[in-house]
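The structure appears right after this line, and notes come after that.
The values are calculated or read from the model by the stated rules, or taken from the named source; none is laboratory data. Because the structure is predicted, anything quoted here is derived from the model rather than measured. For neighbour counting, all protein chains shown are included, and Cβ atoms are generated from backbone atoms with ideal geometry for every residue, glycine included. Keep in mind that these areas ignore ligands, DNA and RNA; they rest on the heavy atoms of the full protein, side chains included. Shrake-Rupley method; radii C 1.70, N 1.55, O 1.52, S 1.80 Å.
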Amino acid sequence: MFSMVDCYADMGQIGQDCPVREYNMDDLELDQVTKVISYHPRFLDHFLKTQNFIMNGDGPLPYDYRYYLAIIAAARHQCPYLVKMYEKEFINQGGNPEWLNGLDFIPPKLRAIYDINKILAHRPWLLRKEHIESLTRGKNSWSLSEVVHAMVLLSHFHSLSSFVFSCGLTQKLDGLSSPKLKSPPTASLHNNSLPAAIGNGAFQKLKFPPSSILAQPSATVEVLMERMKVLSQKQDECSEAELSNRFKNVEMQTAELPAAATASPAEIPPVISHYIEDPNFQYQDFARRGAENIPNTFRIQDYSWDDHGYSLVNDLYEDVGTLLDQRFRCAYNLTYFTMGGVKNVDTSKFRRAIWNYIQCIYGIRHDDYDYGEVNQLLDRPLKMFIKTACCFPERITTKDYDSILVELQDSEKVHVNLMVMEARNQAELLYALREIMRYRT
């Protein structure tokens, strides 16, 4: 699954045998977040291609709209680092400086999409075709192509905010703390040498304050590998009813799982508060016991990325579907067959459990998947971390990053966070594209 084999010294020049050839790191002024993504150069290639295309390539939206959408998307998760970065880019693209005074200073057309930004960021299952219809009618109407471009941008920066926080980068970038996360060290591209695993298995030596996500030790890599092996050898098949019950069980457990720092959230930073309307609108568990009007499960067999979303997004915003598809597939399939320094490990079960659990948090069910594997492979601390990273990323601290999966290498933990980013990104897009399809029909 993971390794440092593909990383560069000090984020420097790409090695001769590296799979990424289009980007010379010495010629790119990489921001801190992109440097962390470069732990995985194959994924970085797809990430940079997609981000460059949606921000600077051919597309229906004007450039000032694109950069302003990035700002308000990052602001929903209170991510000052991304907000500040794209404020600068907005000005560099010739954007009107008055817009940076807040939502009251932007054109009515741009203001009209804010509710969709809010819904996509926190409760995408509430999106309806009527939201699409309201945008495409009236004096300041959007074309469907513009709507799709906006949806792609918003979901990209919501999920990128999750990545920034889940890697513990925000405190580092704000000068509040110094996480253990380091630049990728020198690694041979020829002899597949690997650095020592983090933590040396010393779970019993770790002590965390009550505010940390981890209140108990995680399963060791050795235990996790044994569980993956047993599941891979399992032959019996579950009935459709049993598969459905196991999904509902995981969904209900997730609803009862607290996110990190469940106390009152910190006050919104003044530097971004003017971009946020209705700050109390946040993620809400829809499968909690006793809840009324629980939304229907989003079943992948009824609307999937492969069979429906990909073709629709490509039809309305040419080429972006292909870029997104390559990016999703890379994040899902990325593996170096290592875990915590152990080689020749088939991590496909672990990776699939993480991906499907993330989408389960958003009410999406993969009908052919046995969600019993989630409880076998993802323990409570990891589930809490993933749920917080997806739904309340602004609550994650550097300590939380340091506390989770302590036997894994930094590159491996970054890989988990890449899957959080991409599985969440795809989940938002599935809800958005399904409603666009319903609107068109």
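Residues of the stretch 328-343 with the amide nitrogen closer than 15 Å to a label point 7 Å from the Cα of T220, along Cα-to-Cβ, please.
What the label zone holds, given the 15 Å backbone N cut-off, is 340-342.
Hey, what D do you get for the stretch 24-125 in µm²/s if you plug the Kirkwood alpha-carbon radius into Stokes-Einstein at 20 °C and 1.002 mPa s?
Estimated via Stokes-Einstein, D reaches 143 µm²/s.
Quick one: in the stretch 91-173, what % of C-alpha pairs are over 20 Å apart?
47 percent
Could you estimate the translational diffusion coefficient of the stretch 33-82 from the Stokes-Einstein equation, with Rh from the Kirkwood formula over C-alpha pairs, at 10 °C and 1.306 mPa s, in whole µm²/s? Walk me through the numbers before you get to the answer.
Details: Rh = 12.2 Å.
Rounded to a whole number, D works out at 130 µm²/s.
What FRET efficiency comes out for Q301 versus N375 if R0 is 25 angstrom and r is the Cβ-Cβ distance? Round to the nearest 0.05.
So, using R0 = 25 Å, E works out to roughly 0.65.
Please identify the trypsin sites (Lys or Arg not before Pro) of the stretch 105-142 that satisfy two criteria: DSSP loop assignment and at most 10 other Cβ atoms within 10 Å. Which are they?
Qualifying residues, ordered by number: R137, K139.
In the structure shown, do any of K35/K399; K129/K387; K349/K383; K349/K413; K49/K118; K229/K349 have a Cα-Cα gap over 18 Å, and if so which?
K35/K399; K129/K387; K49/K118
Quick check: residue separation of E240 and K84 times 0.36 nm, minus the Cα distance between them. What number comes out in nm?
Details: separation 156, 0.36 × 156 = 56.16 nm, distance 4.86 nm.
So the chain would gain 51.3 nm between E240 and K84.
Considering the alpha-carbon set of the stretch 56-100 alone, what are its Rg and its Dmax in angstrom?
For the stretch 56-100, the Cα radius of gyration and maximum Cα-Cα distance read 10.2, 29 Å.
How high is the relative contact order of the stretch 304-441? Use alpha-carbon pairs under 8 Å, at least six apart in sequence, and give a whole percent.
Over the stretch 304-441, the number comes to 33 percent.
Roughly what would the spin-label model give for K229 and K343, points 7 Å off Cα along C-beta, in nm?
The modelled label-to-label distance comes out at 1.8 nm.
Please grab the % of Cα pairs in the stretch 67-132 that end up more than 17 Å from each other.
44 percent
Could you check how much of the accessible area of the stretch 41-118 is carbon and sulfur, as a whole percent, using a 1.4 Å probe?
Carbon-and-sulfur percentage of accessible area, whole number: 46.
Carbon and sulfur atoms: what percent of the 1.4 Å accessible area of the stretch 305-419 do they account for?
On the way: 1410 of 3240 Å².
So the carbon and sulfur contribution to the accessible surface is 43 percent.
What's the Kirkwood radius of the stretch 400-441 in Å, using all Cα pairs?
12.3 Å
Loop only by DSSP, 12 or fewer other Cβ within 10 Å of the Cβ. Give me the trypsin sites (Lys or Arg not before Pro) in the stretch 304-364 that pass, ordered by residue number.
Within the stretch 304-364, no trypsin sites (Lys or Arg not before Pro) qualify (loop, at most 12 other Cβ atoms within 10 Å).
Can you tell me what percent of all Cα-Cα pairs in the stretch 286-441 are more than 24 Å apart?
Counting every Cα pair in the stretch 286-441, those more than 24 Å apart make up 39 percent.
Can you compute the modelled spin-label distance between N280 and T441, with each label point 7 Å from Cα toward Cβ, in nm?
Here the modelled spin labels are 3.8 nm apart.
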